[in-house]
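Below is one structure, written out as structure tokens; the observations come after it.
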Amino acid sequence: MKTSDSSSKMEITNYATVFRANILDIGKESMTVEIIGTPDKIDAFKNLVDQYGIVEMARTGVLSITKGNLISNMENLDKVRIFDTTLRDGEQTPGVSVTSEQKLRIAIKLDELGVDAIEAGFPVVSEGEKRRLLKLL
């Protein structure tokens, strides 16, 4: 997004905070923001920041990520690897609120199920989020 003055940067930062987006880069005249969520959530954020001028936008849709080595031959296809974002994305669902204790119970159940990777959130968001994530370790 184009941002030539500090007030624009502050407004975009405030919008990013409300939408739980990540500011990836701040330059002299631009900002790079990552937002994850439903199409409605992303569209709402886009509508708010359109006034600043979106230089570039990429939308990935449903994404699958492999863990460890990339599949290089057919013998690696006998196992499904699960990358779970319930604890992160669940908080971004309208009307959903999960307590620290509930997050811990969900993480334990996902681990018991054999989930390969659990993305629980972003510790840089706040000290409270950092403490909650440390409990999950």
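Largest to smallest in accessible area, the residues SER7, SER97 fall in the order SER97, SER7 (1.4 Å probe, all protein chains included).
Our coupling estimate for segment 24-29, obtained by passing each phi through the Karplus curve with A = 6.51, B = -1.76, C = 1.60 and θ = phi - 60°, is 8, 7, 10, x, 4, 10 Hz, Gly and Pro reported as x.
When the C-alpha to C-alpha distance is required to be over 25 Å, the pairs from LYS103/LYS130; LYS109/LYS130; LYS28/LYS130; LYS2/LYS130; LYS46/LYS130 that qualify are LYS28/LYS130; LYS2/LYS130; LYS46/LYS130. Label separation (THR13 vs GLN51): 1.8 nm, computed from points 7 Å beyond Cα along the C-beta direction. Along segment 11-16 the Karplus relation, 6.51 cos²θ - 1.76 cosθ + 1.60 evaluated at θ = phi - 60°, assigns HN-Hα couplings of 5, 5, 4, 5, 4, 4 Hz to successive residues, with x for each Gly and Pro. Compute the label zone of LYS2 within segment 14-44: residues whose backbone N is under 13 Å from the point 7 Å along Cα-to-Cβ. Hits in segment 14-44 for LYS2 at 13 Å: 29-31.
For segment 32-39, 3J(HN,Hα) computed residue by residue from phi via the Karplus equation (6.51, -1.76, 1.60; θ = phi - 60°) reads 10, 10, 10, 10, 10, x, 6, x Hz, glycine and proline entered as x. With a Förster radius of 35 Å applied to the C-beta separation of ILE82 and THR38, the computed FRET efficiency comes to 0.95.
The values are calculated or read from the model by the stated rules, or taken from the named source; none is laboratory data. The structure presented is a predicted model; accordingly, all values stated were derived computationally and were not measured. Cβ atoms come from the backbone with ideal geometry, glycine included; neighbour counts cover every protein chain shown. Remember, those area values only see protein heavy atoms, side chains included, never the ligands or the DNA or RNA. Shrake-Rupley method; radii C 1.70, N 1.55, O 1.52, S 1.80 Å.
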